[in-house]
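The values are calculated or read from the model by the stated rules, or taken from the named source; none is laboratory data. As the structure is a prediction and not an experimental result, all values here were calculated from the model. Here the Cβ positions follow ideal geometry from the backbone for every residue, glycine too, while neighbour counts run over all protein chains shown. In case anyone asks, the SASA skips ligands and DNA or RNA and just uses the protein heavy atoms, side chains included. Shrake-Rupley method; radii C 1.70, N 1.55, O 1.52, S 1.80 Å.
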Amino acid sequence: MPILTRRALLAAAGTAPLLSIPAVLRAAEPDLSELKDITQGAQPIPAEERLARIARAQKLMKANGIGAVLIEPGSSLLYFTGVRWGRSERLTAAILPVEGEPCIVTPFFEEPRTRETLAIPAEVRVWQEDEDPLKTVAGFLEDRRLARLPVGIEETVRYFAVDGLQKAGLQVVSANPVVRGCRMIKTPAEIALMQLATDVTIAAYRWVHPRVQKGMTQHDVSALMDAATIKLGGAPEFSMVLVGEGAAYPHGTKVPSPVADGRIVLMDCGCTVQGYQSDVSRTWVHGTATSEQRKVWDQVARGQQVAFEAARLGTPAGQVDDAVRRYYASLGYGPDYKLPGLSHRTGHGIGMDGHEPVNLVRGEKTRLAPGMCFSNEPGIYIPGSFGVRIEDCFHMTETGPKWFSTPPRSIDRPVE
């Protein structure tokens, strides 16, 4: 589901302001003794794989006539270099040249810390507080004889960096063919970490589901999920809980809605393991479901299978979304993105970020290929009444899609 910050998710669900994780655990005080860390065997991405990523990026740069790629802190910087860094007004960035070792540009006083986190061989160039860091970037490109070739800009790089390069006389272009070309195709090591993250989330659901009781607030349920996730070895990324009519809106409302008999409970939760994410949604009714709730749940379950069946190698990603909307239209929903029906895309890419290119959305022409990973979450939302979302992620293999988690069988058995 579209990712919000933890604070925004809790606010959208009508809960109290976000507490720190330790404070949440102290407040909830759940008995977690039966849960064990299942991530201890997780294998971090080795340096050899990061070097292979850079080699792949350089191959794509050559194919697209790009001389270098500029990357600011975030998941792409971590993906290529291992550098885990926060963004500030002081530029730290990686330059991936079309040939040779990368370069990290960072403030002078940050050089020791930068070298500590760097996971690959790379040159480090520093700039002083009274200097323009973009001139340092331009100097590296000039020294490597790359200043006359276009510089690819990773899509999250901020405007001041782009503006500085242009003022230095450099031509800038999108680095999407390079960065997306690498990150969209997951390796077995990446998929193994995503599988482990999903295993943590499913195990947490199994523990939380029977402990959801009448009268619990959304915050209570979310705190249980976070606590279980931590004990199982994951780092909670989000744990959204929507109850009753709030589930009719994909990110809920500000109106508090405690768990009660006959009310829908929709949970959308994910975590990270070694930097790779999960994203799983489950919907059930506390107590006895009505015939209408059962009908809509079954329709969503079938919609999820329609999407899975449409996800075939070589198929444009947008056609997966099209297949679901045709099915829902045949049931009288929509049409298109109208309500009642499916108001958001069928799915999104996932990996180091909860949302990555490309999406399972109308008009997306990128063809599905082995290694691509997606969420599959074609919910149905009925404003004023309730909503149902079932979400499991899958990855494309040489023979077609494969689930990270097995979709539930019925509204009465939402967590297997």
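Structure notes:
- Whenever a residue of the range 229-246 is in contact (Cβ under 8 Å) with a residue 24 or more places away in the chain and within 19 Å of Lys214 (Cα to Cα), its partners that are open to solvent by 10 Å² or more (accessible area, probe 1.4 Å) and assigned to a loop (DSSP other than H, G, I, E, B), lying with C-beta atoms within less than 6 angstrom and at least six residues away or across chains, give the pairs Leu242/Gly252; Val243/Ser257; Val243/Arg263; Gly244/Ser257; Gly244/Arg263; Gly246/Gly252; Gly246/Thr253; Gly246/Ser257.
- Of all the criteria given as (1) farther than 20 Å from Lys135 by Cβ; (2) exposed (fewer than 14 other Cβ atoms within 10 Å of the Cβ); (3) not hydroxyl-bearing (Ser, Thr, Tyr), the one not satisfied by Ile66 is (2).
- From Thr290, Thr253, Thr272, residue being over 23 Å from the mean Cα position of the chain (by Cα) and of a type in the set (S, T, N, Q): Thr290
- Filter result (of a type outside the set (Gly, Ala, Ser), surrounded by fewer than 24 Cβ atoms within 10 Å (Cβ to Cβ) and within 26 Å of Lys186 (Cβ to Cβ)) within the range 260-281: Thr272, Gln274
- Search result, residues across the range 118-137 that are open to solvent by less than 50 Å² (accessible area, probe 1.4 Å) and under 25 Å from Gly181 (Cα atoms): Leu118, Ala119, Ile120, Ala122, Val137
- Verdict on Gln299 being under 20 Å from Pro408 (Cβ atoms), surrounded by fewer than 21 Cβ atoms within 10 Å (Cβ to Cβ) and in contact (Cβ under 8 Å) with a residue 40 or more places away in the chain: yes
- Counted residues, the range 239-288 - those being touching a Gly at 6+ places or on another chain (Cβ under 8 Å) and in a loop (DSSP other than H, G, I, E, B): 19
- Lone unmet requirement of (1) buried (at least 16 other Cβ atoms within 10 Å of the Cβ); (2) under 23 Å from Asn64 (Cβ atoms) for Pro107: (2)
- Qualifying residue in the range 207-221 (condition: crowded, with 20+ Cβ neighbours inside 10 Å and either small (Gly, Ala, Ser) or farther than 30 Å from Lys254 by Cα (or both)): no
- Taking strands (runs of 3 or more DSSP E) as the structural unit, those lying wholly within the range 308-407 and holding at least 3 residues that are in contact with a helix residue (DSSP H, G or I) (Cβ under 7 Å, 6 or more places away or on another chain) and surrounded by 15 or more Cβ atoms within 10 Å (Cβ to Cβ) correspond to 356-360, 380-382, 386-388, 392-397.
- The condition of being open to solvent by less than 20 Å² (accessible area, probe 1.4 Å) and either without any contact (Cβ under 8 Å) to a residue 24 or more places away in the chain or among the aromatic types (Phe, Trp, Tyr) (or both) holds for only one of Phe140, Phe160, that being Phe140.
- Leading residue by the ranking (farthest from the chain's Cα centre (by Cα)) among those in the range 143-157 that are of a type in the set (Asp, Glu) and surrounded by fewer than 16 Cβ atoms within 10 Å (Cβ to Cβ): Asp143
- Any hit, the range 198-221, residues being assigned to a helix (DSSP H, G or I), among the charged types (D, E, K, R) and in contact with a Ser or Thr (Cβ under 6 Å, 6 or more places away or on another chain): no
- Residues within the range 135-171 that are assigned to a loop (DSSP other than H, G, I, E, B) and polar (S, T, N, Q), tallied: 2
- Residues in the range 26-58 that are surrounded by 12 or more Cβ atoms within 10 Å (Cβ to Cβ), over 23 Å from Thr117 (Cβ atoms) and within 24 Å of the chain's Cα centre (by Cα): Asp37, Ile38.
- Scanning the range 178-185 for any residue that is outside any helix (DSSP H, G or I), open to solvent by less than 50 Å² (accessible area, probe 1.4 Å) and not aromatic (Phe, Trp, Tyr) turns up at least one such residue.
- Selection within the range 226-251 - out of contact with any Pro (no Cβ under 7 Å at 6 or more places or on another chain), open to solvent by less than 20 Å² (accessible area, probe 1.4 Å) and small (Gly, Ala, Ser): Ala228, Gly234, Ser239, Gly244, Gly246, Ala247
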